[in-house]
Amino acid sequence: MTTTLVEPDPGDAPGPEAAGSNGGPIGAIRRLGARAIARVEGLGRATRFAGAVSLAMLRPPYRHRRLVGELHESGVRSLAIVCSSGIAVGMVLALQGYNSLARFGAEDSLGAVVGLSLIRELGPVLTGLLVAGRAGSAMTAEIGMMNATEQLDGMRTMAVDPLHFVVGPKALSMLISMPLLSGLFTLLGIAGGFVVGVRFLGLDGGVYLSGLEGAVDFHDDVGVSVLKAAVFGALVAWIATYRGFVAGRSAALVSSATTRTVVTASVSILLADYVITALWGVR
Amino acid sequence: MRSSPARDLAVGLFVLAGLVALAVLSVQVGGLAYTGGGGLRLSASFDEIGSLSERAPVVISGVKVGQVTSVTLGEDLRAEVTLDVDRDLELPVDTFASIRTAGLLGDQFIALEPGGDDELLADGGYLSFTKSALNIERLVDRIVTSFQSGDGAE
């Protein structure tokens, strides 16, 4: 079952000869059909890959040391950009929000505005995009190069399942680090907003914090925020590992797979964000 | 993969910092700690509740002591509101509940004013003395009508 997963994803190149060489309207429709079938087949392969990886993650022996290493790659190494971006976003939100709110004399709700925007949307979404760009691309490139240099084949000859040894720990580390990074992003953003609102703009610190605490609900806001981060982590893990696994055995194919990981992961995060918000995010 | 103490420490610190961040967001910001209180469930009926909704605060002299758990239409076609307040509160049976608004247009909440009766409210008790929400639109309407009728008399 796993051998079929290694075939490169035909994706955008369904092969024009197979789709019929006549250039008439029938040929165009046939090409469209072949393209659609290739798309659906690609999705099906990706889904089977996700199932195989999930099973591999659950199957003992658990690779604790591998997981710690991968957490270092995807989590600790992402800390710097996630934290600095969080502070910057919180500061900008406070500055923008203050000027808009001051027009209605509602500066006191600055804490609520900054906190709710960060917790509900910006924290999970921006963390997802940053991690997809930083750690997701690295994940695709690493797995792709391991495949291209026949390291994965070497593991198979030693009866080591690459899904279990390489892909599983990588995917699991992404699932774990995304909610943690998103929480740090959100908290530092709130702190950045506090610095701008209270130190620079002269708002009262107690008013900022009480507005924040009054507006934020555990279940509806913090819970949905963690749910979003976990879903985005799963999406990035899935897309990054699959793209790397089926990239093909050349430097050019691996580099294009890396690019497609970032694009696909970013777009799916934004689409999934809308769906989650529509289902659970609005009271 | 080789194990390195420095890397393990970094990963440990990262996981710890992330968990602390989520805990602070949940407890400090999300108000998870508060909803653990309560335990004394009371109900009350109102003619008009305005925009009072679930999770609206319940206060005594401005101090938050609980929250609204449900708002339904009772059998007598009046709004029936269930409150969850601190178990330790010794509220007399003639406690007065009124719906108020924070500021002119702010959120609505329930203010309790303890009465003087010796008998105390038990779990599942019913607040008989209530005052409905002040409807600003109706108030303005009444003022305008009274002005108009005043003009007509002149």
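The values are calculated or read from the model by the stated rules, or taken from the named source; none is laboratory data. Bear in mind the structure is a predicted one, so any value in this text is a computation, not a measurement. Backbone-built Cβ (ideal geometry, glycine too); neighbour counts: all protein chains shown. Keep in mind that these areas ignore ligands, DNA and RNA; they rest on the heavy atoms of the full protein, side chains included. Shrake-Rupley method; radii C 1.70, N 1.55, O 1.52, S 1.80 Å.
Mind telling me which of the residues B:Arg142, B:Arg138 ends up being farther than 17 Å from B:Gly62 by Cα and modelled with pLDDT of 85 or more? After ruling out the rest, the residue left standing is B:Arg142. Within region A:234-242, does at least one residue satisfy the condition of being open to solvent by 30 Å² or more (accessible area, probe 1.4 Å) and in contact with an Asp or Glu (Cβ under 9 Å, 6 or more places away or on another chain)? No, region A:234-242 contains no residue that is open to solvent by 30 Å² or more (accessible area, probe 1.4 Å) and in contact with an Asp or Glu (Cβ under 9 Å, 6 or more places away or on another chain). Check whether at least one residue in region A:199-216 is open to solvent by 30 Å² or more (accessible area, probe 1.4 Å), of a type in the set (D, E, K, R) and farther than 22 Å from A:Asn99 by Cβ, and report yes or no. The answer is yes, given that some residue of region A:199-216 is open to solvent by 30 Å² or more (accessible area, probe 1.4 Å), of a type in the set (D, E, K, R) and farther than 22 Å from A:Asn99 by Cβ.
Name the residue that is farthest from A:Ser74 (Cα to Cα), counting only residues in region A:167-178 that are within 11 Å of chain B (Cβ to nearest Cβ) and open to solvent by less than 20 Å² (accessible area, probe 1.4 Å). Full working, then the answer.
Here is the first cut: in region A:167-178, the ones within 11 Å of chain B (Cβ to nearest Cβ) are A:169, A:173, A:176-178.
Of the ones still in play, those that are also open to solvent by less than 20 Å² (accessible area, probe 1.4 Å) are A:169, A:173, A:177-178.
Details: A:Pro169: 11, A:Ser173: 7, A:Ser177: 7, A:Met178: 9 Å.
Only one residue tops the list, namely A:Pro169.
The residue that is modelled with the lowest pLDDT, counting only those in region A:45-72 that are within 10 Å of chain B (Cβ to nearest Cβ) and crowded, with 18+ Cβ neighbours inside 10 Å, is A:Arg63.
Going through (1) open to solvent by less than 20 Å² (accessible area, probe 1.4 Å); (2) more than 13 Å from the chain's Cα centre (by Cα); (3) more than 11 Å from chain B (Cβ to nearest Cβ) one by one, A:Val222 falls short only on (3). It is to be established whether one or more residues within region B:88-102 are modelled with pLDDT under 85, at the interface with another protein chain (Cβ under 10 Å from one of its Cβ atoms) and open to solvent by 70 Å² or more (accessible area, probe 1.4 Å). No, region B:88-102 has no match at all.
I'd like to know if region B:55-74 contains one or more residues that are modelled with pLDDT under 85, over 15 Å from the mean Cα position of the chain (by Cα) and over 27 Å from A:Ser210 (Cβ atoms). Among the residues of region B:55-74, at least one is modelled with pLDDT under 85, over 15 Å from the mean Cα position of the chain (by Cα) and over 27 Å from A:Ser210 (Cβ atoms), which makes the answer yes.
Would you confirm whether or not region A:173-180 contains a residue that is part of a helix (DSSP H, G or I) and over 25 Å from A:Pro162 (Cβ atoms)?
Let us first name the residues in region A:173-180 that are part of a helix (DSSP H, G or I), namely A:173-180.
Within this subset, residues satisfying the condition of being over 25 Å from A:Pro162 (Cβ atoms) are A:179-180.
Yes, region A:173-180 has at least one match.
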